[in-house]
There are 6 protein chains.
Amino acid sequence: MKPHSENITGGAVGLRDNRRMATLGLIEYRDASAEVRAVYDDIMTTRQTDYINNFWKALAHDPATLRRTWQSVKEIMAPGALDPVIKEMIYLAVSATNQCGYCIASHTVGARKAGMTDAMLSELMAVVGMANETNRLASGYQVEIDDRFKS
Amino acid sequence: MKPHSENITGGAVGLRDNRRMATLGLIEYRDASAEVRAVYDDIMTTRQTDYINNFWKALAHDPATLRRTWQSVKEIMAPGALDPVIKEMIYLAVSATNQCGYCIASHTVGARKAGMTDAMLSELMAVVGMANETNRLASGYQVEIDDRFKS
Amino acid sequence: MKPHSENITGGAVGLRDNRRMATLGLIEYRDASAEVRAVYDDIMTTRQTDYINNFWKALAHDPATLRRTWQSVKEIMAPGALDPVIKEMIYLAVSATNQCGYCIASHTVGARKAGMTDAMLSELMAVVGMANETNRLASGYQVEIDDRFKS
Amino acid sequence: MKPHSENITGGAVGLRDNRRMATLGLIEYRDASAEVRAVYDDIMTTRQTDYINNFWKALAHDPATLRRTWQSVKEIMAPGALDPVIKEMIYLAVSATNQCGYCIASHTVGARKAGMTDAMLSELMAVVGMANETNRLASGYQVEIDDRFKS
Amino acid sequence: MKPHSENITGGAVGLRDNRRMATLGLIEYRDASAEVRAVYDDIMTTRQTDYINNFWKALAHDPATLRRTWQSVKEIMAPGALDPVIKEMIYLAVSATNQCGYCIASHTVGARKAGMTDAMLSELMAVVGMANETNRLASGYQVEIDDRFKS
Amino acid sequence: MKPHSENITGGAVGLRDNRRMATLGLIEYRDASAEVRAVYDDIMTTRQTDYINNFWKALAHDPATLRRTWQSVKEIMAPGALDPVIKEMIYLAVSATNQCGYCIASHTVGARKAGMTDAMLSELMAVVGMANETNRLASGYQVEIDDRFKS
């Protein structure tokens, strides 16, 4: 782990092209409080990376939300009854349905890192597209729930 | 396969409790055209069941859409790079995100039939909930996509 | 116009089956203030009906929102560059996409009254379903907007 | 009020970087009809600014919608039972939920101008994220509404 | 068809009122494990009530999600830079935007308990409606974000 | 039809500005398999154009989805009970409601090509905005569906 490496701080890029970087800005490791650094360290250790992505740096202005969100994500995305790659693909399915650009980009990368192949991505998207279509056919035609589907 | 059995036609139930049953009504097997029956038969054969659920019966007023939708669902949900149970769970994840009551009910049953346990359902819902939360944190804070997430 | 007729007041129905009838309840014509009655009268005159549907009766607790919403709907849904039946179908397309049960039910009736046939409804739903599918394929695959589509 | 000042017209910026500027383009004050100018003047007077943001300039091609939308926004966002800063935050909560980039950007600025602090923004986003999560847990698990929640 | 079979009647609860009660059913206090009871106790203490609503009883089949979700809700909804009534109203705004029936019902009650008056509810809904309208006008007209709105 | 013309392949543009071009990249005609070329050819013939837009090039990595999606779109968007321009406008209404940037851009162009005037666009957007508003008022106030709206 190299907390002071360029790809963590990344400040130069931000300065260079003057892009919008989150409402409250991004907090880099070097500028972070001990409380925030502890979360960043746990993210890097858990994910075996030295990169903190913008999402966490944007949340870091609110350390309570940063900590709580990371703890929840860490707990939920851990291996369990479902493999991590399946969980990442479900995350991507939700993000595509909600049309969240940031989340689609980051979880496409996350799912691939966890083992998603191009063929798996294509099947995932086909199911996501179809589900979004039939969701509207079911509601648009006002289809009543079958008795046998009522748990 | 028993296409003329009571639980396919189910007309008595509809008469008995006078509930709303889709905008254009449901077309039962006994009342269906040859074109519609061919789709119903393929659904029953493919799914190894003698039950046609309300969704298809509601679409049957538009045979072209019934046929096209069934062919697409059949093709997409077949085993491939992803197991059918995973595909059903992705379908359920999308339906829960869109809050489609009919689809949640039917695909909960479908996913269970394909092998989803209660533990898998719980983990699925935890991921769906978390993804919906972080989707809004990412967009609400206007987080810029990391350069490394741009494919 | 018969403002005191049974199907306007409808109180007995509400009492009879004890269903939930909107957060703040429904305001019937007989119980309405002059300000609310003026809106109800305009709705009935404009739509050539003696029926006020629950939506307006629920809004009537906030006369400013009732008046503003009705004025906007009246102005927007009037004949113009688009026929009223097309406008009602667009309303239904949005409502199906958002999965708003009340709105799907009421605008299905409204569109039919304005001339929507079963064939038109079926084609409408097919387009709505397809658009919801390809919306997610486009975002899920992170497709860049073509230069020629940038106005 | 200085209707011909640079930051109202802003045409040079549009020419300089050739970005896409709304489907029908933006109508600047200097190019606007008397009807549109009257709305622009009321926006500037009401908001105590000499800046008209792109949203209104894009709507100005349809003066009836421009006028109606502004009148509705003006009426709804005025101080009442809720403070303007609370109303702006609710606007932002809806925009983040819908993932509307333009609206998140403009109402973040609007809410801050009305008094939203960084701490208030952080709490707002935490609630928005949580609500989006539990909305899906409630629907995903098909939770029945408690009798006592039926008004 | 076997109308008296176990999986149709679904146990005592199913027989009594025959409603659907969540996919995995509801876990009552008397049937709960010590771990679940601890959460139920904290909910009742924190909210000063002796009532556990269905949402928590449905989550209780997954004690980890029950605990994590409650801890998050408890932390987020506590008084801070925003009053609890404002937080409840933001929750309701999100739920109405997402059209989550359960959440609208429960948070309408929650917001009222926290002090929301009918006038506050009406203004809240007016803002929610307007924001949902202008979100689509902004995106539908492809309005570019103003430079000054880029933080 | 000129399948090898510059505006089909467009490779230079992609190289020139280094933008992100879909998760799996875009497949140009010159690089496409016979199966993909057959779909591209049918798109160009059906739409009487020599341009294949990015959406199809992004789907082309999954030829089965490319073929199925194009066949469905072709079938659904053909003239029928509804004119093609009306179908394109419904597509745009759904895309604006879902806030899909790619789809709004491409179907705005598609609808115009099919005959949508600026006046029709303005009325379309007014209806889309209004429907999105009243959808939330109906659900937010928990309005019960009128008996006469139950088909």
Given the structure, is residue F:41 more than 17 Å from residue C:133 (Cβ to Cβ), out of contact with any Leu (no Cβ under 7 Å at 6 or more places or on another chain), at pLDDT 95 or above and charged (D, E, K, R)?
yes
For region F:123-151, which residues satisfy the criterion of being within 14 Å of residue D:24 (Cβ to Cβ) and in contact with a Ser or Thr (Cβ under 6 Å, 6 or more places away or on another chain)?
F:126
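May I ask you to list the residues in region F:69-88 that are closer than 19 Å to residue C:90 by Cα and either open to solvent by 30 Å² or more (accessible area, probe 1.4 Å) or more than 7 Å from every other protein chain (Cβ to nearest Cβ) (or both)?
So in region F:69-88, the residues closer than 19 Å to residue C:90 by Cα come out as F:73, F:76-88.
Selection gives F:77, F:78, F:79, F:80, F:81, F:83, F:84, F:85, F:88.
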Name the residues in region D:51-68 that are open to solvent by less than 30 Å² (accessible area, probe 1.4 Å) and more than 7 Å from every other protein chain (Cβ to nearest Cβ), would you?
D:52, D:56, D:57, D:60, D:66
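crowded, with 20+ Cβ neighbours inside 10 Å, more than 11 Å from chain F (Cβ to nearest Cβ) and touching a residue at least 12 places away in the same chain (Cβ under 8 Å) - does that describe any residue in region E:112-126? Working first, answer last.
The initial filter retains those residues of region E:112-126 that are crowded, with 20+ Cβ neighbours inside 10 Å, namely E:116, E:121-126.
Adding the requirement that they be more than 11 Å from chain F (Cβ to nearest Cβ) leaves E:116, E:123.
Filter once more, so that each one left must be touching a residue at least 12 places away in the same chain (Cβ under 8 Å): E:116.
Yes: region E:112-126 contains one or more residues that are crowded, with 20+ Cβ neighbours inside 10 Å, more than 11 Å from chain F (Cβ to nearest Cβ) and touching a residue at least 12 places away in the same chain (Cβ under 8 Å).
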Any idea which residue in region B:18-50 is farthest from residue A:141 (Cα to Cα), counting only those that are open to solvent by 10 Å² or more (accessible area, probe 1.4 Å) and touching a Pro at 6+ places or on another chain (Cβ under 6 Å)?
B:35
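One line per residue, one yes/no per condition, for (1) hydroxyl-bearing (Ser, Thr, Tyr); (2) within 29 Å of residue A:87 (Cα to Cα); (3) modelled with pLDDT of 95 or more:
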{"position": "B:17", "(1), (2), (3)": "no, no, no"}
{"position": "B:29", "(1), (2), (3)": "yes, no, yes"}
{"position": "B:45", "(1), (2), (3)": "yes, no, yes"}
{"position": "B:61", "(1), (2), (3)": "no, no, yes"}
{"position": "B:70", "(1), (2), (3)": "no, yes, yes"}
{"position": "B:79", "(1), (2), (3)": "no, yes, yes"}
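The values are calculated or read from the model by the stated rules, or taken from the named source; none is laboratory data. The structure presented is a predicted model; accordingly, all values stated were derived computationally and were not measured. FYI the Cβ positions are ideal-geometry reconstructions off the backbone, even for glycines, and counts take in every protein chain you see. For accessibility, only protein heavy atoms count, side chains too; no ligands or nucleic acids. Shrake-Rupley method; radii C 1.70, N 1.55, O 1.52, S 1.80 Å.
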